[in-house]
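Enquirer: Right, I'll just put the structure down here and ask away after.
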Amino acid sequence: MRTFGTNEFLFIVYALQWTITLTAIAFVGGGVVGICLALLRISSRRLLRVITSGYMQFVQGLPLLILMFVCYYAPSLFGLEVSAIAAAAIALTINSSAFLGAIWESALRAIPKAQWESADALAMTPYKTLRFVIAPQAIRLALPSTVGFLVQVIKQTSIASIIGFVEITRAGQLVSNATFEPLKTFLAVAALYFALCFPLTQISLWLERRAARRGSRA
Amino acid sequence: MSVVVANNIRKSFGPLEVLKGVSLDVRGGEVVALIGRSGSGKSTFLRCLNGLETVDGGDISVAGHAMSRNPAALRKLRRDVGIVFQSYNLFPHLTAGENIMLAPVQVKGESKAAAREEALRCLTMVGLGDRFDTYPDMLSGGQQQRIAIARSLAMQPKVLLFDEVTSALDPELTGEVLAVIENLARQGMTMLLVTHEMGFARRVANRTIFMKDGIIHEEGPSAEFFANPKTPELAAFLRSEIG
Amino acid sequence: MNYTFQFGPLVAYLPQLLNGLWLTLVLSFLGIFGGFMIGVACAVASTLPSRLPRFLVRCYVEVMRNTPLLVQIFVIFFGLPNIGIRMSPMNSVLIALMLNNGGYIAEIVRGGIQSTHRSQFEAAESLGLSYFQTLRFVILPPALEKVFSPVVSQCVLLMLSTSLVSAIGVEDLTGAAMIASSETFRTMEVYLVIAAIYVSLNFVFRALLNAAGLIIFTRSRRTLLRRT
């Protein structure tokens, strides 16, 4: 029987690349869709706002695991096979888009109306107003929560292990089954997540404090 | 009989020594005003008297309790010492009546009915008998401060401390608060007031104390104190305050 | 698409699905309630003047927030038997859910307590209230009211994450769905139904928790009444 040694630990560390890849896809994909959702939410067309809100509420009310099952099994109805990583990436992207969209929407809404009006008064187009006046302020507001949500995404990639994708949690299960040392194995897995997430949590906190200081000075 | 005895009190915040040996003796029924520029140590001294600040040297005894760092002993002392703050510090989630009833019920173990009756009596005393069920944020600053006074009164303290209680109020609201304090003075309440209201101190306090650089610079019976300041520093201070 | 939806075969699984739903509700309720208790206790402990409890709470909170719930469940269920602590899947996930939720709520409530001004402590102490009386009657009620909305969001997220307990074979709503789907092969139908149930639960939980808040906190009730 194998024991939990350096090789086993390295096997898990090696799977870290897949945790990070999945996180990157979900965060970037979710970010792109999330920006669109946030913009749709502040659109002047009521119907667009309502539909977007419906989508966001629905996704936010859905356990990620269920979403992953759906993404994994639904394509087979069309006779398509999707890999576990594709299903996980799509599900995580959808999930992240709704949460990031909500974070950015509230940041956009937090910019005082007077900012839009004064840009209008300068005869700027809506696009330019957004690009040069609103977005820079909104990004600063949303940054702490966005980094905080990145931590959320990293942790959520662990759910991909349930549909069999080998990231670090699944790698941990494999090692645990081979060594019968689940405690050491899963503590090692937890430590790797902690090593990834803790610095980001601290950065998010630091950004939040900095924003609070700036806010109180203004 | 002395209600407040402070002996050679010293207190530093870091390298800054704010109290450099302050002694004071307040008899029962006496009203003492503490005046001085900000930073002179008068508020710190007042806060030492109920243990909100710990002293670095000297002894304090209030209403027969020796000052102690022991939490239980300190609570005993505080039952007999009321304090009213500049910023009222009412509890925002409780009505005026509940603010007043909290300590009598929780600290003295009074029944709710008795505490309610007492709270109503105290509210009436400060002229707000009809505001029992009102929340603090619905009241003016002057009304909130009067409720804070009623809250202290409900504990039936042997001495009341006032820490610049009108400084946060608009001028037109200070009168109603001062009237309440003056009324308490007439009823024989022992009081120590840190104040910027020179006219009020002169009229209501039996004795006034001028603090400067962490010591008592000059003190005397109010009438004499304000009419004939003995030190040039007090004279200058009074000129700048009364203008 | 040649696929025709058939919800018929699911009817036979209704009792299991209802059982699963019940278990999801129980796990959510206990996770929320237990987590709230742990969270408030930890938040209070971290305001104590001595450093040790503050440090311990900090460690607990950071571990909970920076590792996935799924891995926490695995450590408790698969890992602890290595040191002789053996628990049923149900007890394991309950402990994991409570500890996880407790960590998040501790952090939220601590923020609420810290945003309460020092002068409130001073006023209460000056009236002779003890430290715990001050917390109980003066500091916690407005602090909890202030952080109520993030606490509700956290509790709703917890309800959704109870679905992860199916990973170690607990037959909650998701677990029951996994069984129904593998036995009927009507995968899409099963997950569509389950998705609809979770989304409704999300709204119901939010509404119920907010209603509880209105009943508990006099001030939010007042603001609401004043507005209408």
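The values are calculated or read from the model by the stated rules, or taken from the named source; none is laboratory data. Bear in mind the structure is a predicted one, so any value in this text is a computation, not a measurement. When we count neighbours, we look across all protein chains shown, and the Cβ atoms used for this are built from the backbone with ideal geometry, even at glycine.
Enquirer: So which strands (runs of 3 or more DSSP E) are wholly in the stretch B:1-56 and hold at least 1 residues that are surrounded by fewer than 18 Cβ atoms within 10 Å (Cβ to Cβ), among the hydrophobic types (A, V, I, L, M, F, W, C) and modelled with pLDDT under 95?
Expert: The strands (runs of 3 or more DSSP E) meeting that bar are B:2-13, B:16-27.
Enquirer: Got a sec? Which of A:Gly30, A:Gly61 is buried (at least 17 other Cβ atoms within 10 Å of the Cβ) and touching a residue at least 60 places away in the same chain (Cβ under 8 Å)? If you could, list the steps in order and put the result at the bottom.
Expert: Values: A:Gly61 fails: touching a residue at least 60 places away in the same chain (Cβ under 8 Å).
Exactly one of A:Gly30, A:Gly61 is buried (at least 17 other Cβ atoms within 10 Å of the Cβ) and touching a residue at least 60 places away in the same chain (Cβ under 8 Å), namely A:Gly30.
Enquirer: Working only within the stretch A:172-195, note down all residues that are hydrophobic (A, V, I, L, M, F, W, C) and surrounded by 24 or more Cβ atoms within 10 Å (Cβ to Cβ).
Expert: A:Val175, A:Phe186, A:Val189, listed by residue number.
Enquirer: Output the residues belonging to the stretch A:89-115 that are surrounded by fewer than 21 Cβ atoms within 10 Å (Cβ to Cβ) and of a type in the set (Val, Ile, Thr).
Expert: Selection gives A:Ile103, A:Ile111.
Enquirer: Which one of these does C:Ser28 not meet: (1) in a loop (DSSP other than H, G, I, E, B); (2) in contact with a Ser or Thr (Cβ under 6 Å, 6 or more places away or on another chain)?
Expert: All conditions pass for C:Ser28, except number (1).
Enquirer: From the list A:Ala195, A:Ala119, A:Ala212, which one is closer than 25 Å to C:Tyr104 by Cα, in a helix (DSSP H, G or I) and at pLDDT below 85?
Expert: Working: A:Ala195 fails: at pLDDT below 85; A:Ala119 fails: closer than 25 Å to C:Tyr104 by Cα.
Going through A:Ala195, A:Ala119, A:Ala212 in turn, the sole match is A:Ala212.
Enquirer: Pull up the stretch B:62-85, narrow it to residues that are within 11 Å of chain C (Cβ to nearest Cβ) and farther than 26 Å from B:Thr166 by Cα, then point me to the one that is surrounded by the fewest Cβ atoms within 10 Å (Cβ to Cβ).
Expert: Restricting attention to the stretch B:62-85, the residues satisfying the condition of being within 11 Å of chain C (Cβ to nearest Cβ) are B:71-72, B:74-85.
Those still in the list that are farther than 26 Å from B:Thr166 by Cα too: B:71-72, B:74-76.
Values: B:Pro71: 12, B:Ala72: 8, B:Leu74: 20, B:Arg75: 18, B:Lys76: 16.
It comes out as B:Ala72.
Enquirer: Oh, and also: Take the residues in the stretch A:169-218 that are charged (D, E, K, R) and more than 7 Å from chain C (Cβ to nearest Cβ); name whichever of them is farthest from A:Ala142 (Cα to Cα). Talk me through it step by step, then tell me what you get.
Expert: From the stretch A:169-218, those charged (D, E, K, R) are A:170, A:181, A:184, A:208-210, A:213-214, A:217; that's our starting set.
From the residues that got through so far, the ones that are more than 7 Å from chain C (Cβ to nearest Cβ) too are A:170, A:184, A:208-210, A:213-214, A:217.
Details: A:Arg170: 33, A:Lys184: 38, A:Glu208: 9, A:Arg209: 13, A:Arg210: 13, A:Arg213: 15, A:Arg214: 14, A:Arg217: 19 Å.
The selected residue is A:Lys184.
Enquirer: Still on this structure, please answer the following. Can you go through A:Ala188, A:Ala212 and tell me which one is without any contact (Cβ under 8 Å) to a residue 40 or more places away in the chain and of a type outside the set (Phe, Trp, Tyr)?
Expert: A:Ala212
Enquirer: Kindly indicate the residue of the stretch C:119-132 that is surrounded by fewer than 19 Cβ atoms within 10 Å (Cβ to Cβ) and facing chain B (nearest Cβ under 10 Å) and also nearest to C:Val147 (Cα to Cα) among those meeting that condition.
Expert: Filtering first and then ranking leaves C:Gln120.
Enquirer: Also, I was wondering about something else. Which of the residues spanning the stretch C:133-166 are surrounded by 24 or more Cβ atoms within 10 Å (Cβ to Cβ), within 7 Å of another protein chain (Cβ to nearest Cβ), of a type in the set (A, V, I, L, M) and within 23 Å of C:Phe205 (Cβ to Cβ)?
Expert: Selection gives C:Leu164 alone.
Enquirer: Taking A:Ser53 as meeting all but one of (1) closer than 28 Å to C:Val204 by Cα; (2) surrounded by fewer than 19 Cβ atoms within 10 Å (Cβ to Cβ); (3) away from chain C (no Cβ under 14 Å); (4) in contact with a Lys or Arg (Cβ under 9 Å, 6 or more places away or on another chain), write down the number of the exception.
Expert: (3)
Enquirer: Keeping to the stretch C:122-132, report how many residues are under 17 Å from C:Ala43 (Cβ atoms) and in contact with a Leu (Cβ under 9 Å, 6 or more places away or on another chain).
Expert: Within the stretch C:122-132, the first condition is being under 17 Å from C:Ala43 (Cβ atoms), and the residues that meet it are C:131-132.
After this cut, where a residue has to be in contact with a Leu (Cβ under 9 Å, 6 or more places away or on another chain) as well, the list is C:131.
The number of residues fulfilling the criteria is 1.
Enquirer: Moving on to the next point. Mind listing just one residue for me: the one in the stretch C:191-214 that is touching a Phe, Trp or Tyr at 6+ places or on another chain (Cβ under 7 Å) and at the interface with another protein chain (Cβ under 9 Å from one of its Cβ atoms) and, of those, surrounded by the most Cβ atoms within 10 Å (Cβ to Cβ)?
Expert: Quick first cut of the stretch C:191-214, residues touching a Phe, Trp or Tyr at 6+ places or on another chain (Cβ under 7 Å) only: C:191, C:199, C:213.
Next, only the ones that are at the interface with another protein chain (Cβ under 9 Å from one of its Cβ atoms) stay: C:191, C:199.
Values: C:Tyr191: 24, C:Val199: 19.
My answer is C:Tyr191.
Enquirer: Of all residues being within 12 Å of chain C (Cβ to nearest Cβ), under 19 Å from the mean Cα position of the chain (by Cα) and assigned to a loop (DSSP other than H, G, I, E, B) in the stretch B:124-174, which is surrounded by the most Cβ atoms within 10 Å (Cβ to Cβ)? Just the residue, please.
Expert: B:Ala154
Enquirer: Name the single residue that is nearest to the chain's Cα centre (by Cα) among those in the stretch A:64-85 being part of a helix (DSSP H, G or I) and surrounded by fewer than 16 Cβ atoms within 10 Å (Cβ to Cβ).
Expert: If we take residues in the stretch A:64-85 being part of a helix (DSSP H, G or I) and surrounded by fewer than 16 Cβ atoms within 10 Å (Cβ to Cβ), then A:Pro75 is nearest to the chain's Cα centre (by Cα).
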